[in-house]
1. Which of (1) touching a helix residue (DSSP H, G or I) at 6+ places or on another chain (Cβ under 9 Å); (2) more than 20 Å from residue 27 (Cβ to Cβ); (3) surrounded by fewer than 17 Cβ atoms within 10 Å (Cβ to Cβ) is the odd one out, the single condition residue 122 does not satisfy?
2. Just a yes or no: is a residue in the range 101-115 assigned to a strand (DSSP E or B), more than 23 Å from residue 26 (Cβ to Cβ) and at pLDDT 95 or above?
3. Is the range 32-39 home to any residue that is under 22 Å from residue 171 (Cβ atoms), touching a strand residue (DSSP E or B) at 6+ places or on another chain (Cβ under 6 Å) and crowded, with 18+ Cβ neighbours inside 10 Å?
4. Could you list, in sequence order, the residues of the range 144-186 that are over 17 Å from the mean Cα position of the chain (by Cα), modelled with pLDDT under 95, more than 17 Å from residue 43 (Cβ to Cβ) and not in a helix (DSSP H, G or I)?
5. Does residue 204 satisfy the criteria of being surrounded by fewer than 23 Cβ atoms within 10 Å (Cβ to Cβ), in contact (Cβ under 8 Å) with a residue 60 or more places away in the chain and not in a helix (DSSP H, G or I)?
6. I'm checking my understanding of the structure. Among residues of the range 41-66 that are more than 30 Å from residue 104 (Cα to Cα) and touching a helix residue (DSSP H, G or I) at 6+ places or on another chain (Cβ under 7 Å), which one is surrounded by the fewest Cβ atoms within 10 Å (Cβ to Cβ)?
7. With 88, 78, 22 as the choices, which residue is free of Cβ contacts under 8 Å to residues at least 12 places away in the same chain and more than 17 Å from residue 123 (Cβ to Cβ)?
């Protein structure tokens with residue numbers, strides 16, 4: 001693995017797309033990283049480096065975009081992948097919780113029941129943690145089945161009262177490194193790279 005320079009020099013964050021559809025949507029779209037092979041692989045390399053000291057038995061991805069990152073991390077880690085889904089999607093017995101998402105709407109999410117043995121260490125993965133409501137639902141589902149939340153992982157975890165409580169309770173890993181310029185820009189929900197963003201910069205190569 002090559003040296004990528006300073007910890008906040010994560011070039012692929014520059015190709016994330018700003019929201020063009022209004023307040024009902026997240027303020028940016030990281031999926032442009034996934035379509036670009038170099039960006040996606042460098043993202044995974046960085047996250048796997050940060051996970052090197054963390055022990056986990058399974059990686060759980062939050063519906064829906066968390067599935068992409070979680071399944072890739074699971075494959076890199078050599079462990080299984082567990083989907084935590086929006087309610088009504090699974091055809092087996094499930095446990096269901098309600099949560100408030102980033103837009104303030106109440107939603108339900110579910111996990112197969114049983115999903116794992118008591119004591120299983122679960123790494124929870126989402127694309128982005130903004131208000132922390134979705135992650136709260138996932139934590140409750142894992143702990144109801146007597147699983148252990150091994151850590152939380154996302155491309156970015158914004159700083160606020162809820163996420164600060166997560167950082168104090170669980171190992172938290174993100175491509176946006178706390179204290180970096182990226183963290184400050186994410187907290188403000190605008191990236192300096194938006195000024196020069198064009199979709200073509202993320203095209204596959």
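The values are calculated or read from the model by the stated rules, or taken from the named source; none is laboratory data. Because the structure is predicted, anything quoted here is derived from the model rather than measured. No Cβ is skipped: glycine too gets one built from the backbone with ideal geometry, and neighbour counts run over all protein chains shown.
1. (3)
2. Taking every residue of the range 101-115 in turn, at least one turns out to be assigned to a strand (DSSP E or B), more than 23 Å from residue 26 (Cβ to Cβ) and at pLDDT 95 or above.
3. no
4. Across the range 144-186, the qualifying residue is only 179.
5. Taking the combined requirement at face value, the residue satisfies it.
6. By that ranking, first place goes to 48.
7. 22
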